[in-house]
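This report refers to the structure that appears directly beneath it.
What follows is calculated from the coordinates using simple rules that are stated; it is not laboratory data. The model shown is predicted, which means the values in this text are computed figures rather than measured ones.
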Amino acid sequence: MVNLSQVSNRDESCYCPTSSSSSSSILYSILKSDDRLVTVRQQACSCGSSRRRGVLRSPQVTCKAASAVLVKTLRFVKNVPCFRELPEDDQLVLIRSGWAPLLVLGLAQDRVDFETTETVEPSMLQRILTGCPDRQSEAVGGQNRGAPGVSVVDIEAIKAFLKKCWSVDISTKEYAYLKGAVLFNPDLEGLRCLHYIQSLRREAHQALNEHVRLIHREDTTRFAKLLIALSMLRAISPPVVAQLFFRPVIGTVNIEEVLMEMFYGK
């Protein structure tokens, strides 16, 4: 079994699973038959969907659970030896980019489900009649701060990802490898140890592939399903995660400042 901590900066060999026409066809067939992905995509294009918003039905309960998962997630990152070997600047870049997908992965692993109730964002006519500010003046950092909750489409994307993970019944080791693939993201700007981070992501994918082949030999589509889960995870917006799971308890406080204080004690 490949160990993340054993990758050196000199090892530039590719650990990516060998692609083939058969694996590509398997991946395509799963994508084509995944009703949840199709449903979310259709809803994103439906008329008026951008004005449909949702809030947590039990915010205190759900936000408490999400906060506990966030603490566990940061503890997991701290305990990864090859992450601690990185310069602090690279650590900051990776944490800022990866905290939200890592948190959602943690929600899936701990089977944290949540219910929402729908609200409707005021139409332009309602805003004019009631004197509410327009959407552009409210939007800050990609978030519509004046409207309650987050887009229903974004909520359903998170729920679809959770259901995907639960349907595959991902194991503890598989979650660990998936977290490694999310954490070590070489596509970010400003990384100093880019090649090392690239090798760490390749190792995470290779270790996941080897584990699946060893434990689930009869399931030839499992690795493809896990890759699809990763692709669904990348489509989830960090501002949406912050607004849905933390804004009800911390208000408009910058979530990154909270993360840095939790992680580095700053």
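What's the Cα-based Rg to Rh of segment 50-253, Rh via Kirkwood?
Working: Rg = 18.8 Å, Rh = 18.5 Å.
Rounded to two decimals, Rg/Rh equals 1.02.
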Q | HN-Hα J in Hz across segment 228-240 - Karplus 6.51, -1.76, 1.60, θ = phi - 60°, x for Gly and Pro | A | 5, 4, 4, 5, 5, 5, 5, 7, 8, 7, x, x, 5
Q: List, in order, the whole-Hz ³J(HN,Hα) value for each residue of segment 77-93 obtained from phi through the Karplus relation with A = 6.51, B = -1.76, C = 1.60 and θ = phi - 60°; use x for Gly and Pro.
A: 4, 4, 8, 8, x, 5, 6, 5, 6, 6, x, 4, 4, 5, 4, 4, 4
